[in-house]
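The values are calculated or read from the model by the stated rules, or taken from the named source; none is laboratory data. Values in this document were obtained by computation on a predicted structure and should not be read as measured data. Note: ideal-geometry Cβ built from the backbone for every residue, glycine included; neighbour counts use all protein chains shown.
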Amino acid sequence: MADDGGQQRTEKATGKRKQEARKRGQVAQSREIPSTLILMTALGFFYFAGSWMFWNISEFIGDIYQHLDTLQFNSVSDLNALSVGVFNKVFLLLIPLFIAILIAGMAGNVSQVGFEMHAEPMQPKLSKINPVAGLKKLVSLKSLVELGKSVVKLLVVSGIAYGLIKSEIKLFPALMQQGVGDIFVFIAKLAFKICFFVCLALVILAVLDYVYQRWQYEENLKMTKQEVQDERKQTEGDPKVKGRIRKVQLEMARRRMMESVPEADVVITNPIHLAVALKFDAGEMTAPTVVAKGGGHIAERIKSIAADHQVPVVEDKPLAQALFKMVEIGEFIPADVYRAVAEVLAYVYRLKGMYQTA
């Protein structure tokens, strides 16, 4: 397996890498699928419309021979007129076949890679006409695989044709006693049978080739671990930088939270591990709001700031745990704890009243 800077390409291709490869025209595509569809379409067309084409051509040729004595070839214009007439007739007979084949070819490609057009694969590049690069392609593994597939197809087609002809060869002597029409029908049936079984064999080969092309495509686009990390940094940012930014953001949010503690009406504690600071302004708020909360050393910091600014600290373990779990900073308390918080606030207001009276 190819390596890159000493690293093995062991990682599956990311979506971004596949999209970039698609823009360059690198897709998992089997040439056997459109070829097989074209052959099957042509076979089906001749099966259903072959007699129509045959009789139209026969009628056209017969008409020419019937009026051969009346044809004038005195000038170049007469020959041009005859040529144009023949061309128009043949074109009208063949245009349905051409359209069917075109649709089959497009369907075979679109069904594999979708309908997309990119300018990059069509841009002229000097590397495409480099003879050295061309020689390398001739002796590459891909060329050997394509040669092997061609040999297999040749053996399959020739084997099927040989087997079917051998099974019908006993009927060949009897053809000498048949008319030209019967001989033509026999040949047409045998040719159709050969084409039919060849198509079935090519369908199997096309499916196998598509599976191989998908595997080869995934293998060619595999990435090293370093390439995956570099791509992740490009799309999502360096994890170290993101970590530092997140740390700064948390520190700023914590600082703003601590600045709100002196404005709180009460701090409810666990009593040791948790601390939740509440503020209530009857003129502006519909319910008390959590302005700060934290656990561990943050809880200790909240209690310390509350003590420095004479904010009452009330110990209520169930209420502290409920508020810490249920309410985020800046949110109103839920209705479930209205009564318990109201009792705490009433107690705090009584204490403040007693201090003011004293």
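Before we move on, is Leu97 under 41 Å from the mean Cα position of the chain (by Cα), at pLDDT 85 or above and loosely packed, with under 12 Cβ neighbours inside 10 Å? Taking the combined requirement at face value, the residue does not satisfy it. Would segment 302-323 turn up any residue that is among the hydrophobic types (A, V, I, L, M, F, W, C) and over 29 Å from Arg255 (Cβ atoms)? No, segment 302-323 contains no residue that is among the hydrophobic types (A, V, I, L, M, F, W, C) and over 29 Å from Arg255 (Cβ atoms). Here Glu168 clears all of (1) modelled with pLDDT of 85 or more; (2) acidic (Asp, Glu); (3) under 20 Å from Glu32 (Cα atoms) except the condition numbered (3).
Whenever a residue of segment 166-179 is of a type in the set (D, E, K, R), its partners that are surrounded by 10 or more Cβ atoms within 10 Å (Cβ to Cβ), lying with C-beta atoms within less than 8 angstrom and at least six residues away or across chains, give the pairs Glu168/Leu190.
Here is a check on your reading of the model: is Thr269 surrounded by 15 or more Cβ atoms within 10 Å (Cβ to Cβ) and under 30 Å from Gln19 (Cβ atoms)? Don't jump to the end; show me each part of the working.
Values: surrounded by 15 or more Cβ atoms within 10 Å (Cβ to Cβ): yes; under 30 Å from Gln19 (Cβ atoms): no.
No: the conditions fail for Thr269.
For segment 278-319, the tally of residues that are closer than 13 Å to Glu263 by Cβ and in contact with a Gly (Cβ under 9 Å, 6 or more places away or on another chain) stands at 4.
Could you tell me whether Ala174 is under 27 Å from Glu146 (Cα atoms) and in the same structural domain as Lys12 (by TED's automatic domain parsing)?
Values: under 27 Å from Glu146 (Cα atoms): no; in the same structural domain as Lys12 (by TED's automatic domain parsing): yes.
Answer is no for this residue.
Before we move on, is Tyr162 surrounded by 14 or more Cβ atoms within 10 Å (Cβ to Cβ), modelled with pLDDT of 85 or more and in the same structural domain as Gln8 (by TED's automatic domain parsing)? Answer is no for this residue.
With (1) surrounded by 11 or more Cβ atoms within 10 Å (Cβ to Cβ); (2) within 25 Å of Asn109 (Cβ to Cβ); (3) of a type outside the set (A, V, I, L, M) as the list, and Gly148 as the residue in question, which single condition is left unmet? Looking at each condition in turn, Gly148 falls short on (1).
Matching residues to (1) surrounded by 15 or more Cβ atoms within 10 Å (Cβ to Cβ); (2) more than 14 Å from Asn270 (Cβ to Cβ); (3) touching a residue at least 60 places away in the same chain (Cβ under 8 Å):
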site	(1), (2), (3)
Ala292	yes, yes, no
His297	no, no, no
Arg301	yes, yes, no
Ile305	yes, yes, no
Val311	yes, yes, no
Val314	yes, no, no
Met326	no, yes, no
Val337	yes, yes, no
Ala342	no, yes, no
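Residue check: Gln112 meets all listed conditions (1) surrounded by 13 or more Cβ atoms within 10 Å (Cβ to Cβ); (2) at pLDDT below 85; (3) farther than 30 Å from Arg24 by Cβ; (4) of a type outside the set (Gly, Ala, Ser) but one, namely (3).
Which one of these is more than 20 Å from Val327 (Cα to Cα), in the same structural domain as Tyr347 (by TED's automatic domain parsing) and hydrophobic (A, V, I, L, M, F, W, C): Ala292, Ala299, Ala307? Working first, answer last.
On the way: Ala292 fails: more than 20 Å from Val327 (Cα to Cα); Ala299 fails: more than 20 Å from Val327 (Cα to Cα).
Answer to the check: Ala307.
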